[in-house]
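**Q** This structure is in structure tokens; I'll ask about it shortly.
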Amino acid sequence: MTLGAHILAGLIIGKVTNNYPLAMAGSLLIDVDHLFPYIKHKLIFNPKKLWETVTRESDDYGNQRNYLHSLFTWAIVSAISFLIDFNVGGVISLAYLSHLFLDLIDGADFFPFYPLKYKFIGPIKYFSKAEIIFTLILAVVFFVLPS
């Protein structure tokens, strides 16, 4: 899913848990693992090629969604977060899981059990009308939820 969908998921969880900073961090920081192939393949210094890569549904490098996009990592991060503080753990775990869910339902390659090579491709095409509608639904949910 696009950045907008992940931001809205974080905002929804922030509103429900009354902890926007943790919800946003849990929802967005997972994508830091996208930076490693961008740096490795020198895309970070080529804006045109970087844009083509981030807007493409396929992962030509096969490693944009790896360690942090794994249910195994989610379980470890959640367990550690719960040990630190139960409320903090709940927010981080829920926000992280929302990120994984959004990536699971989009049409880009997703390996939910990374490093195992079981690939899942969701029904919503990346940067499609369906994704835009889904993102708009998330926005409506955010604004309709009571504070």
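The values are calculated or read from the model by the stated rules, or taken from the named source; none is laboratory data. Bear in mind that the values here come from a model prediction, so they are computed numbers and not experimental data. Glycine also receives a Cβ, built like all others from the backbone with ideal geometry; neighbour counts cover every protein chain displayed.
**Q** Among the listed residues Phe142, Phe127, Phe111, identify the single one that is within 15 Å of the chain's Cα centre (by Cα), under 17 Å from His6 (Cα atoms) and surrounded by 13 or more Cβ atoms within 10 Å (Cβ to Cβ). Steps first, answer last, please.
**A** Details: Phe142 fails: within 15 Å of the chain's Cα centre (by Cα); Phe111 fails: under 17 Å from His6 (Cα atoms).
From the options Phe142, Phe127, Phe111, the qualifying one is Phe127.
**Q** Anything in region 111-147 that is touching a residue at least 24 places away in the same chain (Cβ under 8 Å) and among the aromatic types (Phe, Trp, Tyr)? List them, or say none.
**A** Step one: filter region 111-147 for residues touching a residue at least 24 places away in the same chain (Cβ under 8 Å), giving 111-115, 124-127, 131, 134-135, 138-139, 141-142, 145, 147.
Answer for region 111-147, where residues must be touching a residue at least 24 places away in the same chain (Cβ under 8 Å) and among the aromatic types (Phe, Trp, Tyr): Phe111, Phe113, Tyr114, Tyr126, Phe127, Phe134, Phe142.
**Q** If you take the residues in region 98-107 that are within 12 Å of the chain's Cα centre (by Cα) and more than 15 Å from Leu68 (Cβ to Cβ), which one is modelled with the lowest pLDDT?
**A** The qualifying residue modelled with the lowest pLDDT is Asp106.
**Q** Report whether or not Lys48 is assigned to a helix (DSSP H, G or I) and surrounded by fewer than 16 Cβ atoms within 10 Å (Cβ to Cβ).
**A** Answer is yes for this residue.
**Q** Given (1) buried (at least 16 other Cβ atoms within 10 Å of the Cβ); (2) in contact (Cβ under 8 Å) with a residue 60 or more places away in the chain, where does Thr73 come up short, assuming only one miss?
**A** Exception for Thr73: condition (2).
**Q** Please enumerate the residues belonging to region 17-35 that are among the charged types (D, E, K, R) and surrounded by 18 or more Cβ atoms within 10 Å (Cβ to Cβ).
**A** Asp33
**Q** Next question. Pairs only if they're at least six apart or on different chains, beta carbon under 9 angstrom, first in region 82-101 and touching a residue at least 24 places away in the same chain (Cβ under 8 Å), second outside any helix (DSSP H, G or I) and of a type in the set (Phe, Trp, Tyr); list them, first residue then second.
**A** Between residues of region 82-101 that are touching a residue at least 24 places away in the same chain (Cβ under 8 Å) and residues that are outside any helix (DSSP H, G or I) and of a type in the set (Phe, Trp, Tyr), the close pairs are Leu100/Phe110.
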